[in-house]
Amino acid sequence: MIKVINNFLPKTLFNYMKLLVENENDMFWNFNPTNLLPGDKTPGADNYKLGRTLYVHKSTSGDGKEIYDKELMTLFKLFPQYIMNHMQPKCVGNPKDGDVCKLVKMKMNLYPKQSVNIKHGVHSDISENGRPRSDVVTSVFNFTTCNGSTIVYERDKNGNFSNDSKELVVPSIENSIVIFNNVHPHYAITQSDTSTRIVLNTNIVKADVDSFGPPDENGIEQYEPLDDYF
């Protein structure tokens, strides 16, 4: 499932966050010589960008330690709640049951202007044992209107991701977001018309959902693949 939502945040909140991330004096970025993990040979992975990691859960940090940006997470920790408003209640979960969706990673990326549109490496954000996790919801939120974009692969006619998969082009329009299941590969296209393109990338683990729906009149339960809904 892929959702594109315009005017995602209340205008006042968006304008405040945009001023914050575009602040030349107080907003610091780290240089990322590649846009995927070091050593990844995926075509386009060696194109550079700037980044700032806001949060990484200890289960996905690689060293068992949580990363938490004390300066920015005071504001940005509200962001996942806006995403959950567009998720099915069963995927959000219930605190009374002790099972709720939770943030596992949040990172901002800044793409400097290029003379032409540059394709970055195709990837899924959160993997386990070499495979994309199907219980994760990924999103890319745009702070910038420009001719850059996010490309998300749709499933082919057999329900797989292949050379026959269509590419959904999501234009970079400020205060818009694309939300999709982590198993959908995606990649960024840099801009050539604005000095920077800034996006917020968020990954949330869904609540543990029973993948079988209620039985029909014959008592047969229908299976719904976990990555088909959020």
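The values are calculated or read from the model by the stated rules, or taken from the named source; none is laboratory data. On a predicted model such as this, the values are computed, not experimentally measured, just so you know. Cβ sites come from the backbone with ideal geometry, for glycine too, and all protein chains shown count toward neighbours. These area figures cover heavy atoms from the full protein model, side chains too; ligands, DNA and RNA do not enter into them. Shrake-Rupley method; radii C 1.70, N 1.55, O 1.52, S 1.80 Å.
See the values below:
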item	result
Choice from THR34, THR12, THR42 showing the highest fluctuation, given a GNM over the chain with Cα pairs closer than 10 Å	THR12
For the chain: accessible area per residue (Å², 1.4 Å)	54
Relative contact order, percent, the chain [alpha-carbon distance under 8 Å, six or more residues apart]	25
Cα-projected label distance for ILE2 with LYS166, points at 7 Å along beta-carbon direction, nm	0.9
Within straight-line cross-link reach of LYS113, aspartates and glutamates at Cα separation under 20 Å, skipping those fewer than 8 residues along the same chain	GLU22, GLU24, ASP46, GLU174, ASP193
Amide proton proximity set for ASN32, modelled H, under 5 Å, gap of 5+	LYS49, LEU50, GLY51
For the range 14-36 and the range 55-106, distance of Cα centres in Å	21
Part-to-part distance (alpha-carbon centres) for the range 139-184 and the range 115-129, which is given in Å	11
Burial order of peptide ranges 217-227, 186-196, 77-87 (average beta-carbon count within 10 Å, highest first)	186-196, 77-87, 217-227
Estimated 222 nm signal from helices in the chain, with DSSP H stretches of n ≥ 4 weighted -39500 (n - 2.57), rounded to 500	-2500 deg cm²/dmol
Reachable lysines from LYS65, criterion Cα separation under 30 angstrom, eight or more residues apart if same chain	LYS18, LYS41, LYS49, LYS77, LYS90, LYS96, LYS102, LYS105, LYS107, LYS206
Kirkwood-based Rg to Rh ratio, the chain, C-alpha trace	0.97
nm² value of the averaged projected area, convex hull over the Cα atoms of the range 28-105	7.4
In order through the range 107-113: 3J(HN,Hα) via Karplus (6.51 cos²θ - 1.76 cosθ + 1.60), integer Hz, x for Gly, Pro	8, 9, 10, 10, 9, x, 4
Residue with peak Gaussian network fluctuation, the chain [Cα springs, cutoff 10 Å], from ASP63, ASP156, ASP135	ASP63
Nearest-ten-degree value, helix 11-21 long axis tilted from longest Cα axis of the chain	50
